[in-house]
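The values are calculated or read from the model by the stated rules, or taken from the named source; none is laboratory data. Quick caveat: nothing in here was measured; it's all calculated off a predicted structure. Cβ: placed from backbone, ideal geometry, glycine included. Neighbour counts: every protein chain shown.
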Amino acid sequence: MSDFGADTPAQRLEIADDKDVVRVRQAVRVAAVAAKLPLVDQTKLVTAASELARNTLIHGGGGYATVAGVHNGRRAGVRADFVDEGPGIADLGLAFTDGYTTGSGLGLGLSGSRRLVDEFEIDTKPGGGTRVSVTKWAR
């Protein structure tokens, strides 16, 4: 696996099947350990990344993730981006409602992921795909 230090170049991981979701989860865990995130925060970040990678696959038709160690001058962290060229999200407000799902899941993917990380950004447009960026900082 890659060595993730602060401000490392992003590792790009394709997301085309379930095995790729596992690879993304593993890469995020390696980066979280390298950033010295506490175990609880490692678990939160890996859980969010797993949900977002699965969304990229299921709702976006596949895409890619990038994972990188980052530093803001005071502390280290991990940033993960999830990008697809799928149908986009027509109603973000509805998509962030706990329990809302367009599939067979629990409807906690986006809203749950947002609660698990320190920074959460989403850019989506109907017909234009979706990009979700999450960051978790060491305490």
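When region 113-135 is filtered for residues that are surrounded by fewer than 18 Cβ atoms within 10 Å (Cβ to Cβ), touching a Gly at 6+ places or on another chain (Cβ under 7 Å) and without any contact (Cβ under 8 Å) to a residue 40 or more places away in the chain, the ones remaining, listed by number, are K125, P126.
Looking across region 59-86, just one residue is among the polar types (S, T, N, Q) and at pLDDT below 95, and that is N72.
In this structure, does N55 turn out to be in contact (Cβ under 8 Å) with a residue 40 or more places away in the chain and surrounded by fewer than 17 Cβ atoms within 10 Å (Cβ to Cβ)? No.
Here is a check on your reading of the model: is A32 touching a strand residue (DSSP E or B) at 6+ places or on another chain (Cβ under 6 Å), touching a residue at least 60 places away in the same chain (Cβ under 8 Å), crowded, with 19+ Cβ neighbours inside 10 Å and of a type outside the set (D, E)? Taking the combined requirement at face value, the residue satisfies it. Within region 62-90, residues that are more than 14 Å from D20 (Cβ to Cβ) sit with their Cβ atoms under 6 Å from residues that are among the basic types (K, R) and modelled with pLDDT of 95 or more, at 6+ positions apart or across chains, in these pairs: A68/R79; V70/R79; G77/K136; V78/K136.
Filtering region 60-92 to residues that are at positive phi and surrounded by fewer than 17 Cβ atoms within 10 Å (Cβ to Cβ) leaves G61, G62, G73. Checked against the criterion of being hydrophobic (A, V, I, L, M, F, W, C), surrounded by fewer than 19 Cβ atoms within 10 Å (Cβ to Cβ) and not in a strand (DSSP E or B), region 37-52 has at least one qualifying residue.
When restricted to residues that are at pLDDT below 90, assigned to a loop (DSSP other than H, G, I, E, B) and at negative phi, region 99-139 contains 11.
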